[in-house]
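Note sheet for the following structure.
The values are calculated or read from the model by the stated rules, or taken from the named source; none is laboratory data. For clarity, every value in this text was computed on a predicted model and none was experimentally measured. Neighbour counts are summed over all protein chains in view; Cβ atoms, including those assigned to glycine, are modelled from backbone coordinates with ideal geometry. The area values use the complete protein model at the heavy-atom level, side chains included, leaving out ligands, DNA and RNA. Shrake-Rupley method; radii C 1.70, N 1.55, O 1.52, S 1.80 Å.
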Amino acid sequence: MSAPRPRWSVWVVLVAVALAGGAVVVTVSASSSESTDTTRARLPSTAPASPSTAPTTPTTVESLAEPRAQPPVVPPVPARQVLAAAERAAGPDMSLGVAVLDVHTGEPAVGRGGAQEFMSASLSKLIVAVDVLDRRRAEGRPLDPADLDLIDRALSASDDNAMNALWGRHDGAGAIGRVAGRLGLTAYLPPDSTETWGDTVVTATDMVTIYRYVLRGMAPQDRAVIVDALASPSTVAVDGFGQHYGLLHEGASPQRYAKQAWVPYAPAGYLLHSAGVAYDGRTGHAYAIALLSIQPYTDEQTARDRLSTVAAAALARLTA
């Protein structure tokens, strides 16, 4: 909020015109009470006004108008500050991998466990969707409507059956390595898990790199397929697990979306991930945020609440 402007008034003698029988002096005023949005000059009539028709307000001149106040420039929030907020909110009862990346500047911030390997669970659905869209475009093939439907279901409702179909139709086992190679990821599928897409190994750093590629490297039409699906997830996934936790604890929108992942973790607990994108409405910068966790010896709701607390702290830094 800018400081209040002082009220002031300046009277300037502009013109002294010698007329027959005398001289007329025209005066003008520039005052803070004049609107700064409209600065058009109001010039006097060519004929002197009679006392009954004389203007009741002073004339303004554009060159004397008060300059329009400039809105304050808001610098982008450093990615490391978003990451620090998330780490401060994380308790000791979870193994957390967190990474943040400003998609616009490319500034990365890798924190606690950011390079730690986690089983991907449903995060691998995003990797396979990227590979299907990239290969189709590289080969110049139109996208099959059936594949579009499978991608949408796999990402929005986390439909395992849709993922199984994509995995079988499009060499899902090879997709992990292809995307990792193109984007320089450490992600991999263990050799003995070629039939189990959830066993893919990823890091938080891998996930923010994937999102930067989706937003900055993919063709607009392909990017829209992924973002539209992630921005409109079902409240409850096909398997009955609620998706409103982590980055989506307040729901999803085109300004905040994520791929969620979960699986019971032996002997008791949960592997729970939330990796997505949040926009800072003040600057328009998009931040890829990955929160990967293993939470042993806890129930489902506690695990969800813990990750939501970490996410809320990170997101609050973008709206402070």
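Which of the residues that make up the range 285-300 are over 21 Å from residue 209 (Cβ atoms) and not in a strand (DSSP E or B)? Of everything in the range 285-300, those that are over 21 Å from residue 209 (Cβ atoms) and not in a strand (DSSP E or B) turn out to be 297, 298, 299, 300.
Summed over the range 235-249, the residues that are part of a loop (DSSP other than H, G, I, E, B) and in contact (Cβ under 8 Å) with a residue 60 or more places away in the chain give a count of 7. For the range 239-250, which positions are loosely packed, with under 15 Cβ neighbours inside 10 Å and either under 22 Å from residue 182 (Cβ atoms) or in contact with a helix residue (DSSP H, G or I) (Cβ under 9 Å, 6 or more places away or on another chain) (or both)? 239, 250 - these are the residues of the range 239-250 that are loosely packed, with under 15 Cβ neighbours inside 10 Å and either under 22 Å from residue 182 (Cβ atoms) or in contact with a helix residue (DSSP H, G or I) (Cβ under 9 Å, 6 or more places away or on another chain) (or both).
When residues of the range 251-264 are filtered for being touching a residue at least 40 places away in the same chain (Cβ under 8 Å) and open to solvent by 10 Å² or more (accessible area, probe 1.4 Å), how many remain? Talk me through it step by step, then tell me what you get.
The first filter runs over the range 251-264 and keeps only residues touching a residue at least 40 places away in the same chain (Cβ under 8 Å), leaving 256, 259-263.
Filter once more, so that each one left must be open to solvent by 10 Å² or more (accessible area, probe 1.4 Å): 256, 262-263.
Total meeting the criteria: 3.
Of all the residues in the range 211-234, those that are open to solvent by 10 Å² or more (accessible area, probe 1.4 Å), among the aliphatic types (A, V, I, L, M) and assigned to a helix (DSSP H, G or I) number 4. Checking each residue in the range 250-266 for being more than 17 Å from residue 124 (Cα to Cα) and either in contact with a Lys or Arg (Cβ under 8 Å, 6 or more places away or on another chain) or not in a strand (DSSP E or B) (or both) picks out 250, 251, 252, 254, 255, 265, 266.
So in the range 92-121, with the set limited to residues that are small (Gly, Ala, Ser) and out of contact with any strand residue (DSSP E or B) (no Cβ under 7 Å at 6 or more places or on another chain), which one is farthest from residue 75 (Cα to Cα)? Can you show your working first?
Initial filter on the range 92-121 (small (Gly, Ala, Ser)): 95, 97, 99, 106, 109, 111, 113-115, 120-121.
Subsequent filtering for residues that are out of contact with any strand residue (DSSP E or B) (no Cβ under 7 Å at 6 or more places or on another chain) retains 106, 115.
Details: 106: 15, 115: 28 Å.
Across the range 92-121, the extreme among qualifying residues is 115.
Under the condition of being over 23 Å from residue 240 (Cα atoms) and either open to solvent by less than 10 Å² (accessible area, probe 1.4 Å) or among the hydrophobic types (A, V, I, L, M, F, W, C) (or both), the residues counted in the range 291-318 number 7. Annotation: residue 272 fulfils all but one of (1) in contact with a strand residue (DSSP E or B) (Cβ under 6 Å, 6 or more places away or on another chain); (2) among the aliphatic types (A, V, I, L, M); (3) in contact (Cβ under 8 Å) with a residue 60 or more places away in the chain; the unmet one is (3).
Every listed requirement among (1) assigned to a loop (DSSP other than H, G, I, E, B); (2) surrounded by 15 or more Cβ atoms within 10 Å (Cβ to Cβ) is met by residue 115 save one, (2). Against the criterion of being crowded, with 19+ Cβ neighbours inside 10 Å and under 20 Å from residue 97 (Cα atoms), residue 270 qualifies.
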